[in-house]
Structure formats: C-alpha cells, structure tokens
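Remarks on the structure that follows.
Readers should treat all values here as calculations from the given coordinates under stated rules, not as data from a laboratory. Predicted model, so just to flag it, every value in this text is computed and none were measured. Positions of Cβ are backbone-derived with ideal geometry, glycine not excepted, and every protein chain shown enters the neighbour counts.
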Amino acid sequence: MMSKTQAEQPFPWVGLLTLAGAIFVSVTSEFLPTGLLPEMAEELDVSLSTVGYLVTIFAATVVIATTPLAALTRRYSRKSLVVVVLLVIALANTLAAVAPSYEILVGARILGGLAHGLFWAVVAAYSAHLVPKHQLGRAVAITAGGGSAAFVLGVPVGTALGHALGWRAAFLIIAGVVAVLAIVVIRYLPPVNHHVPLRTGEIALPLRKDKSLGGVLVLCVVILFILGGQNLFSTYIAPWLIDVGGFEPDVVPFMLFLFGGAGAVGLVLAGLVTDRYPRRGLVGAGILVMISVLVLALASANQVVVVAAFIVWGVSFGGLPAMLQTRMLHTASFRMRDLAAALQTTAFNFGIGAGALVGGLVLEGVGLATLPLFEIALLLAGVVVFLGFDALRAARARRATPA
C-alpha cells in the first residue's frame, strides 16, 4: 500500500512511460494480422476470413485465460511478470513468423493470447502502485497512451513493413521490438509491492468476500455495454463509410487515421479531467459518443457533417477506456486491484468480440445503416447502469453515516 513517503515522491514519468511502451508493443502485436490478411491468406492458402479468425482466437484466449492466470500468479513479483510475459509475446511472434502451416500459426496466437491476457492483468493495476489515488487518472492516461499509439502508429507501421518485406518479417521485427522493451522494463520500471500487510491477529479473507467485489462486477457490466456498443459499429466502419457515407475507398484509411488521432486527443483530455471530475467526465464522454454517432446516422448523406461527427466521436470515445480503468482502480480495494484488472481485461476483450459478432448479425439482418442506432442503445444501457449503481452506492453511504 502506498505510504506517505511514496505519495510525496515526484511523479514517476519514467516508470509510466516504460509501461506505455510495453503496452504499445503488446497491442501492436495483438492487431498486427489485421493489416496483413491478404498476404497471409495467399501464402498459407486459406481464406481471408480464416486468417481473420486469428484475431478472434487471440481475443477468446484472453477472455478464457486472463482471470485464472492472474489468480495463479498473484503472489509473484509484478515487475518480473511483466518481463516474463513480454518475452513470451516475443517468442509467440517469432513462432508466428516461422510457422510452416496455419495450424502452427494458430498455436502461436494462442500462446500470445495467454501472455497478453496476463500482461494486461498486471499492467492495468501497475500504475496504481506507482502513484497516490488522486493522480490515478493522469497515470492511467499516460499508460493508456501506449494503446492509442499502437492503433495510430504501431499497426500502420507494422502493416507497411509487412507489405514491403513480407508478413513473416513484420512478425519477426515486432518480436525483436518486444524483446527490447523487456530489457527497458528491467532497467527502468520500478518494482512495486502489491501485497497487503496483515495486522497482528488479522485473518486474510478470500477475495470473493471483499466488499468492493460487487462494484468491480458492476463496472465490468458497464464495460461490456460500452465496448460492445463501440465495436458493434466501429468493426464495420469501413463498409459504412463507403456504402452509407458515400466516401471513396481510398479515403477510408485517412478517416481511420483521423479517428485515431482524435482518440489520442480524447485520451489527453481524459488525463486532465478524470481525477477532478471522475463521474461527470465518464458520463459526459459517453453522452458525447451517443450524440456524435446519432449525427452520423441522421446526416450520413452530408460528408462534411460526417467528418465533423467522426472527429467528435473519436475525441469523446478516446478517453473512455482510460476513464473506465481509472474508475475500476478507485472502486477496487487495494487487495482486489490485481483481480479487478484481470476481470476488466476479460470484460474489455469479451465486449470487443461480442460487439463485432452482434454487429455482423445486425448487418446481415437489417443492414449497415442501423449499426449506429444499436451502438447508441448499448452505450445508453451502460451509462444507465453506471449512474444507477452510483446512486445506489451514494444512498447506502448516506444511510451508513450517523446524522
């Protein structure tokens, strides 16, 4: 637990930026196949959708394995775990680069998914061990910047390398970069003590009896709604822009880059407001997402309006994952943080996978044009659950406080 001396230390820029770098390479590794599907399909002699399943298999592995792995490793050093999982991610990418068949490639992605899930279970709570609670939002925004940079820079650069040198070379290069980041972590990431010291005579209660568990689970439901709604639409944004928005296919990469850049701006804003306005900031961002997506649905024929709404959508959603992560760290007790981080990682990945699946069903059933409306419905459900739980918790606090 953070002592008064720790709270008075300078802001740990080096440690947080090291975490951000580790997140950057891990997320780049996760989504690298998305930009190299045609090349991989051609060489392995499988369909595009079959290669696309590599992302699904990776996410499913994260969902299934993260919480059990986090429980099994909760007594081990957090810093050592970060180093080990980065090295395993490097190994998984190396195996992917030399895989002689699709089946071996699937095995490499499963290995990468196991390491990636445990990686997030550890790093999602790491920043909370480096800073006092009143600086959590700022710290999380910095580390989350690694994920944003992966989408804006890492995946496009990896794709460009794959096109120029071959997809196997791209996997081999990212494996080398991950290994270098593991060395950087050894040198620059401060170790932390994540164990809760027991007072004399105190008995450690099982985590299922922790009073903060209910709040953690409710936040996981909120994450499922928000990430599910976002990915329901964003997964199919390219065909929506072409078929509904009327944009030329060549413009789509620029629009996606614009969205990623706007998301980076939103992440910076989240770091500025989350610590001061944690509840209003999260709800306000969710409402802005719903408004911008509604504008996309209603004004899809006007490309100028679509571009403006697209930017607002990117800015408002860009900070939401970091705000949700900060809220989770504030909600979970100190002893629950690592399990909460594992559950959060599971909820994020389940929301991403389920959102893409439901979006595909909606697309086949009622068409592309309705996707924004379904996203709004799911986001609204998430905001309502969040506000309802907040009101319930405030009412309980008032009843527990003596008059």
task = May I ask which residue of Thr50, His116, Ile237 lies farthest towards the positive end of the charge dipole of the chain, with charges of +1 (Lys, Arg) and -1 (Asp, Glu) on Cβ and the Cα centre as origin?
result = His116
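About the Cα centre, and with charges only on the beta carbon of Lys, Arg (+1) and Asp, Glu (-1), how big is the dipole of the stretch 210-398? Nearest 20 debye, please.
Computed about the Cα centre, the dipole is about 1100 debye.
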request  = Could you tell me whether the stretch 328-395 comes out rounded, prolate or oblate from its Cα gyration tensor? Rule is a ≥ b ≥ c as square roots of the eigenvalues, rounded for a/c under 1.5, then prolate if a/b exceeds b/c, otherwise oblate.
outcome  = oblate
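Per residue, what volume in Å³ does the convex hull of the Cα atoms of the stretch 281-375 enclose?
On the way: hull volume 8.5 nm³, N = 95.
Here the figure is 89 Å³ per residue.
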ask   = Highest mean first, what order results for 97-103, 375-381, 86-92, 67-73 on Cβ atoms within 10 Å?
value = 86-92, 375-381, 67-73, 97-103
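Mind sorting Ile23, Ile226 by how few other Cβ atoms lie within 10 Å of their own Cβ, fewest first?
Working: Ile23 23, Ile226 31.
Result, fewest neighbours first: Ile23, Ile226.
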ask   = Once the Cα atoms of the stretch 12-194 are picked out, what are the Rg and Dmax in Å?
value = 16.3, 53
remark   = For the pair Ala308 and Trp13, the simple spin-label estimate (label points 7 Å beyond Cα toward Cβ) gives in nm 3.8 nm
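Percent of Cα-Cα pairs more than 27 Å apart in the chain, please.
On the way: 40896 of 81003 pairs.
The calculated P(r) of the chain puts 50 percent of pairs beyond 27 Å.
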query = Membrane-span-like helices in the chain: DSSP H runs reaching 24 Å or more (Cα, own axis), mean Kyte hydropathy at least 0.5?
reply = 13-31, 48-72, 78-98, 102-130, 167-188, 213-234, 252-273, 278-298, 337-366, 371-400
